[in-house]
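Single-structure report; data block below.
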Amino acid sequence: MRALLFLLFMVSAGHAQDRDGNDTPGEWRITTHNAYGLWDSFCDERVTDGTTEERCYLRYVDVFSGHPKFAAMYLFVTPQEVEFGIERGTRFAPDGFRIMAGTGAILWSNKRRSCLAGRQCTYTGQDAADLLGLMAQGQTLVLDFSDPHGADQVLNWDLTQFAEALKNYRANALSKGLL
């Protein structure tokens with residue numbers, strides 16, 4: 001549980017790591033924030049040895065279970081990768097990690113064992129580009145799973161504003177030379 005709380009603070013807009021890897025609210029300053037439903041597009045910056053470092057990212061954080069059995073899942077898009085934050089011990093139902101079209105058709109279903117077993121779930125390169133393209137076309141990202149506490153969960157992440165959020169994120173990252 002502590003690891004998950006730490007992770008959520010890491011992806012929070014007002015929270016970042018210092019240069020030694022410690023969680024501090026300090027050095028990153030938000031320069032751009034746009035919300036598209038529950039999707040957030042951010043850019044922020046900090047100064048290192050007189051040089052400004054910039055980063056942009058798109059995120060969605062879903063805290064689906066509160067105290068005492070806290071649990072959450074997130075999606076984090078950076079120029080380098082698409083990362084799903086899935087707690088260890090999560091087990092997805094067959095086709096329980098999928099993108100749905102407005103017609104109800106399945107556009108994509110996650111087949112990566114590491115993702116489906118609640119381990120690392122990161123996409124890079126063409127795989128990330130393809131996934132983002134399908135998300136931009138989709139209506140809902142469905143996550144049907146048993147959480148680490150043994151509770152069955154079904155999350156329906158609304159993708160209707162994802163294309164607009166992705167466009168904003170990419171424009172911001174491109175304007176800063178990050179794409």
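Which members of segment 96-151 meet the condition of being within 25 Å of N168 (Cβ to Cβ), in a strand (DSSP E or B) and touching a helix residue (DSSP H, G or I) at 6+ places or on another chain (Cβ under 7 Å)?
Passing the criteria: I99, L107, W108, C121, Y123, L141.
Are there any pairs, at least 6 apart or on different chains, whose C-beta atoms fall under 6 Å, with the first in segment 72-99 and on the phi > 0 side of the Ramachandran plot and the second outside any strand (DSSP E or B), and if so, which?
Between residues of segment 72-99 that are on the phi > 0 side of the Ramachandran plot and residues that are outside any strand (DSSP E or B), the close pairs are G89/G118; G89/P148.
Considering only segment 157-167, state which residues are surrounded by fewer than 18 Cβ atoms within 10 Å (Cβ to Cβ) and either among the polar types (S, T, N, Q) or outside any strand (DSSP E or B) (or both).
Those that are surrounded by fewer than 18 Cβ atoms within 10 Å (Cβ to Cβ) and either among the polar types (S, T, N, Q) or outside any strand (DSSP E or B) (or both): T160, Q161, A163, E164, K167.
Could you run through segment 43-64 and say how many residues are over 10 Å from the mean Cα position of the chain (by Cα) and either buried (at least 16 other Cβ atoms within 10 Å of the Cβ) or not polar (S, T, N, Q) (or both)?
Qualifying residue count, segment 43-64: 13.
Name the strands (runs of 3 or more DSSP E) wholly within segment 24-94 that hold at least 1 residues that are among the basic types (K, R) and under 26 Å from Q120 (Cβ atoms)?
Of the strands (runs of 3 or more DSSP E) lying wholly inside segment 24-94, those with at least 1 residues that are among the basic types (K, R) and under 26 Å from Q120 (Cβ atoms) span 51-65.
Among all residue pairs at least 6 apart or on different chains, which show Cβ distances below 6 Å where the first residue, located in segment 57-71, is closer than 30 Å to L178 by Cβ and the second is open to solvent by 20 Å² or more (accessible area, probe 1.4 Å)?
Note: pairs meeting the criteria are Y57/T78; R59/D40; R59/F76; Y60/L38.
Go through segment 78-95 residue by residue and tally those that are in contact with a helix residue (DSSP H, G or I) (Cβ under 8 Å, 6 or more places away or on another chain) and among the small types (G, A, S).
1
In segment 139-156, what residues are of a type outside the set (D, E), surrounded by 13 or more Cβ atoms within 10 Å (Cβ to Cβ) and over 16 Å from the mean Cα position of the chain (by Cα)?
The answer is Q139, F145, S146, P148, H149, Q153.
Quickly run through segment 87-128 and pick out the residues that are out of contact with any Lys or Arg (no Cβ under 8 Å at 6 or more places or on another chain), farther than 16 Å from D158 by Cα and either open to solvent by less than 50 Å² (accessible area, probe 1.4 Å) or among the β-branched types (V, I, T) (or both).
E87, G89, T90, F92, A93, S114, C115, T122, Y123, T124, A128
Just a yes or no: is a residue in segment 6-26 modelled with pLDDT of 85 or more and of a type in the set (F, W, Y)?
No, segment 6-26 contains no residue that is modelled with pLDDT of 85 or more and of a type in the set (F, W, Y).
The values are calculated or read from the model by the stated rules, or taken from the named source; none is laboratory data. Remember, predicted model here, so these are calculated numbers, not experimental data. So basically every Cβ, Gly included, is an ideal-geometry build from the backbone, and we count neighbours across all protein chains shown. For the accessible areas, the whole protein counts, side chains as well, though only heavy atoms, and no ligand, DNA or RNA atoms are used. Shrake-Rupley method; radii C 1.70, N 1.55, O 1.52, S 1.80 Å.
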